[in-house]
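Notes for the one structure printed next.
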Amino acid sequence: MHTEQKQSAILPEEALIRLFEERREEAISHTQEAYGPWLEQFAARFLTDHRDREEALADALLGAWNAIPPHRPISLKAFLTTLLRRACIKRLRHQSRKKEVPKEHLLALEELEEVLPDTGEVEDELLAQELSRTLEDYLWEQEPRRRKIFLLRYYESRPVAEVAELLSVSRSTVEKELKTLRTALRERLEKEGYAI
């Protein structure tokens, strides 16, 4: 006798975004099916406690629910990862007021904050979208290895040593490339009129 396992199909990203736009509650459960393992693994880089990771993920999903619509992300996975990173950092900063939290978790964010515009300037949604396009253009202009270094460090928040290991280069090479990337990004943003 043949037994059939019931297995829900993972929806493509475009279908997930439409569920959010249509304000259908199953958008959340389908998004967790599609991206849950990736998001859990990402949150684990910041938060050791399982409950903290669950709460950060819930905050990220709520953020997506509240933002879509009117916002329509180009990549739902990237959008969720950004929201989750913010939720994890917020939780870490809250914890650091109570007890010491390893600073490694905040280093990548602090490095990038040095070259990004003041947050007050990018609170306007149109300015934030414009900044996002500028960053995306800047990254696609970089050679593949540099782009990968930037994304691993600042998008995935990986330690410099791990980036070096993943790309089979020295730690000093990664550090030099990151410094070059940040300097060039700062110059690009200043040239385009952002106040750094």
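The values are calculated or read from the model by the stated rules, or taken from the named source; none is laboratory data. Quick caveat, the model's predicted, so the values are computed rather than measured. With ideal geometry, Cβ positions are generated from the backbone for all residues, glycine too; neighbour counts draw on all protein chains shown.
Values as computed for the structure displayed
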quantity	calculated
Wholly enclosed helices (runs of 4 or more DSSP H) of the stretch 90-182 bearing at least 1 residues aliphatic (A, V, I, L, M) and at pLDDT 75 or above	125-140, 144-150, 160-167
Subset of the stretch 11-65 (residues that are among the hydroxyl-bearing types (S, T, Y) and farther than 14 Å from L92 by Cα)	S29, T31, Y35
Neighbours by Cβ (under 7 Å, 6+ apart or cross-chain): first from the stretch 27-50, assigned to a helix (DSSP H, G or I); second hydroxyl-bearing (S, T, Y)	E33/S8; F42/T81
Selection count, the stretch 59-70, where residues are more than 15 Å from the chain's Cα centre (by Cα) and either surrounded by 14 or more Cβ atoms within 10 Å (Cβ to Cβ) or touching a residue at least 40 places away in the same chain (Cβ under 8 Å) (or both)	4
Residue in the stretch 42-60 that is among the hydroxyl-bearing types (S, T, Y) and closer than 25 Å to A9 by Cα present	no
All positions within the stretch 9-52 that are over 22 Å from R85 (Cβ atoms) and crowded, with 16+ Cβ neighbours inside 10 Å	L11, L19
